[in-house]
Every structure is written in C-alpha cells, then in structure tokens.
Amino acid sequence: MTCFICETCGTQYKASAQAPAACPICEDDRQYVGWEGQHWTTLDALRKTHTVRIADDHGLLGLDVTPAFAIPQRALLLPTDAGNILWECLSLVTDEAVDALTAHGGVDRIIISHPHFYA
Ligand SMILES: [Zn+2]
C-alpha cells in the first residue's frame with residue numbers, strides 16, 4: 001500500500017494499492033489538471049529528487065520544497081502565546097525539517113488556509 005501524492009497540487013491521499021483515478025482537489029473548478037493529465041508520486045520518490053529548504057523567513061522559520069513542487073507550498077512556524085503554529089504544510093517531510101521544527105520548540109497546532117495544504 002502506498003500513499004500517493006498528486007504532482008499538480010501536492011495533496012497526499014490515504015494508502016492504496018494503486019494510484020487514485022483522479023485528484024478531487026485538481027478536478028475542482030478552482031484548480032486544474034495539467035495538460036499531460038493526472039500524475040502521481042510518492043513520499044519516497046519525492047525524497048530522491050527534492051529536499052526541504054529551511055531558512056529564516058523575516059524572523060520566522062520557513063520551510064519549502066526545493067526544487068519547487070506542486071503549487072508550491074511554503075510553511076512558516078509561528079511562535080504565539082498559544083504555542084507554536086505551523087502555518088501551512090508541505091508534501092515532503094524530511095528528518096532535517098522535523099529536527100528544525102523540534103529545535104524551535106515543536107509544533108502545537110497546524111493551520112491550513114487552502115485545500116491544497118491538506119497533504
Ligand atoms: Zn491534485
């Protein structure tokens with residue numbers, strides 16, 4: 001069983017034996033399916049071609065996938081009085097990204113502004 005990731009929007013789907021027939025996010029009228037049709041990847045495959053860039057982003061810990069992947073998503077760790085908020089998510093998780101988040105106090109909550117970020 002594999003959790004497939006849509007290459008157009010970056011959303012990861014629950015484990016399945018075969019890639020889903022379609023991505024409901026990309027089939028929505030507000031999104032698109034690429035001219036070449038639906039394409040899928042996996043977390044293991046993504047780890048071989050991409051990494052997570054971890055950098056100071058105007059005083060916040062910023063993370064994004066490089067080279068650019070999907071729409072491309074960017075996550076920020078926001079320290080607040082209510083705990084650390086991860087603003088948005090990425091399609092790729094690496095040990096380095098987890099270590100960086102942990103070193104900055106960890107993640108207490110995740111806030112997602114957009115359906116593409118439910119990956
Ligand atoms: Zn999609």
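Derivation of every value follows stated rules applied to the coordinates shown; laboratory data play no part. Since the model is a prediction, treat every value here as computed from it, not as a measurement. Counting neighbours? That spans all protein chains shown, and the Cβs are built from the backbone with ideal geometry, glycine included.
Within the chain, the longest run free of exposed loop sites, counting trypsin sites (Lys or Arg not before Pro) that sit outside DSSP helix and strand states (H, G, I, E, B) and have at most 14 other Cβ atoms within 10 Å, spans 31-119. For Thr51, the residues whose modelled amide H falls within less than 5 Å of its own, excluding neighbours fewer than 5 places apart on the same chain, are Thr66.
Derived scalar couplings between HN and Hα for segment 47-58 equal 5, 7, 10, 9, 9, 9, 7, 10, 7, 5, 10, 6 Hz in order, rounded to whole Hz, by the Karplus curve 6.51 cos²θ - 1.76 cosθ + 1.60 (θ = phi - 60°), x for Gly and Pro. Each residue of segment 93-105 was assigned a 3J(HN,Hα) from its phi angle through the Karplus curve 6.51 cos²θ - 1.76 cosθ + 1.60 (θ = phi - 60°); the sequence is 10, 10, 4, 5, 5, 5, 4, 5, 5, 5, 5, 9, x Hz, with glycine and proline shown as x. Here's how it looks for Leu86: its modeled amide H is under 5 Å from those of Leu78, Asp108, Arg109, Ile110, Ile111, which are all 5 or more places away or on a different chain. Structural descriptor for segment 1-79: relative contact order 27 percent, calculated from alpha carbon pairs under 8 angstrom and at least 6 residues apart.
Between the exposed loop cleavage positions of the chain, defined as chymotrypsin sites (Phe, Trp or Tyr not before Pro) in a non-H, G, I, E, B DSSP state with at most 13 neighbouring beta-carbon atoms within 10 angstrom, the longest gap is 36-119. According to the square roots a ≥ b ≥ c of the eigenvalues of the Cα gyration tensor, what is the shape class of the chain, taking rounded for a/c under 1.5, prolate for a/b larger than b/c otherwise, and oblate for the remainder? Prolate.
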